[in-house]
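Colleague: Here it is: the structure, laid out below.
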Amino acid sequence: MKTIQWFVDKNVDISPNNPQLEKAANLLKQNEVVAFPTETVYGLGANALSDDAVEKIFEAKGRPSDNPLIVHIAELSQLEEIVTFIPEKAKILMNTFWPGPLTILFNRKPNVLSEKVTAGMETVGIRMPDHPIALQIIHQSNLPIAAPSANRSGRPSPTIAEHVLEDLDGRIAGIVNGGDTGVGVESTVIDCTQDIPMILRPGGVSKEEIEQVIGEIAIDPGLENKNIIRPKSPGMKYTHYAPDAPVYLVEGTTNFLQELVRNKQNDGMKVGVIATEETQKEYDADAVISCGKRGDLHSVAHSLYDTLRAFNNLDVDIIFAETFPLDGIGLAIMNRLEKAAGHRWIHQ
């Protein structure tokens, strides 16, 4: 399969008359898969109503079939066609954070979406992306679009079209190259089907931001469970976001981390370090990459996946990563790092 690439400037011509977006939308209507940018990461979209189309997502990514997909919409009328009921707290969240990086879990209507989207469960995660290209493609296709991140399963999620091509060139019909994404980590997933809403995956909207508008929420203990049998949300069960070399999370001082580097180098290994701008110069390793400013965790979220991918071109044998506080978007950053590391920690 030849993968077509269209270049679209999100700040110039996002209209129904844009020929590139029209071609992308037409491919979606033909049950093909197309990658496009959102404000979080690039998504791999397909018609959420079609088993054949959704199956192409799983085939292209090599994604386990029990890992549910998030459905993207462009208008609230699409939501009403998919779900049985919209709880009051969900309405508040939609009014506050949509369009944006928040996925809300609803009870789905039967016999509407492909069963492959929900992995056979009675719930479905839905969001409205805050990106003009994504919204226009969904609008022009006139379909709910299932769209996980546009990468091979287990690899770091793509924040530029070049990442998509690295993983999926020749495996998908097309890519809309809309430049760099914004947030850098995927959407927050929150289950609103219960009395106290529960975060299933931390992401672009923080727990604190959500509690400011709807009060108390919970965090699913499954986020710490390495043996989840049936995930309710993407990102809960499987190792994700991993570069080729094994990653270890280091809780300790920079001197302690540098000692770990030196010990591995003495063993003949090439060592990489994921640092921050504030600490980058404190490490003497084979490769040291800053993932952003510790004083600005949004910059870390934005650059995290690009940093993880960069190590694949640096021929390192092991990667040590600094860790971050769990406040705000730090919870999402540490969730992704823990998945990338397969929950491997080293404590001082």
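The values are calculated or read from the model by the stated rules, or taken from the named source; none is laboratory data. All values reported here derive from a predicted model rather than from experimental measurement. For neighbour counting, all protein chains shown are included, and Cβ atoms are generated from backbone atoms with ideal geometry for every residue, glycine included. The protein model used for the area step is the full one, side chains on, heavy atoms only, and it has no ligands, DNA or RNA in it. Shrake-Rupley method; radii C 1.70, N 1.55, O 1.52, S 1.80 Å.
Colleague: Please state which one of A90, A119, A74 is under 23 Å from N31 (Cβ atoms) and at pLDDT 95 or above.
Modeller: From the options A90, A119, A74, the qualifying one is A74.
Colleague: Are any residues in the range 6-41 closer than 26 Å to V183 by Cα, assigned to a loop (DSSP other than H, G, I, E, B) and touching a Ser or Thr at 6+ places or on another chain (Cβ under 7 Å), and if so, which ones?
Modeller: Once the filter is applied, which keeps residues that are closer than 26 Å to V183 by Cα, assigned to a loop (DSSP other than H, G, I, E, B) and touching a Ser or Thr at 6+ places or on another chain (Cβ under 7 Å), the range 6-41 yields T38, E39, T40, V41.
Colleague: Another question, if that's okay. Take A60 and tell me if it is open to solvent by less than 40 Å² (accessible area, probe 1.4 Å), in contact with a strand residue (DSSP E or B) (Cβ under 9 Å, 6 or more places away or on another chain) and either within 19 Å of G174 (Cα to Cα) or basic (K, R) (or both).
Modeller: Details: open to solvent by less than 40 Å² (accessible area, probe 1.4 Å): yes; in contact with a strand residue (DSSP E or B) (Cβ under 9 Å, 6 or more places away or on another chain): yes; either within 19 Å of G174 (Cα to Cα) or basic (K, R) (or both): yes.
Criteria met by A60.
Colleague: Oh, and also: Looking at (1) open to solvent by 60 Å² or more (accessible area, probe 1.4 Å); (2) over 18 Å from T103 (Cβ atoms); (3) at pLDDT 95 or above, can you tell me which one I196 breaks?
Modeller: The single condition I196 does not satisfy is (2).
Conditions tested, residue by residue: (1) open to solvent by 70 Å² or more (accessible area, probe 1.4 Å); (2) over 16 Å from the mean Cα position of the chain (by Cα); (3) not β-branched (V, I, T).
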site: A25; (1), (2), (3): no, yes, yes
site: T38; (1), (2), (3): no, no, no
site: G43; (1), (2), (3): no, no, yes
site: A46; (1), (2), (3): no, yes, yes
site: D51; (1), (2), (3): yes, yes, yes
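Colleague: Another one. Name every residue in the range 152-192 that is out of contact with any strand residue (DSSP E or B) (no Cβ under 8 Å at 6 or more places or on another chain) and either on the phi > 0 side of the Ramachandran plot or open to solvent by less than 20 Å² (accessible area, probe 1.4 Å) (or both), in order of residue number.
Modeller: Result: G154, P156, D167, G170, G184, V185.
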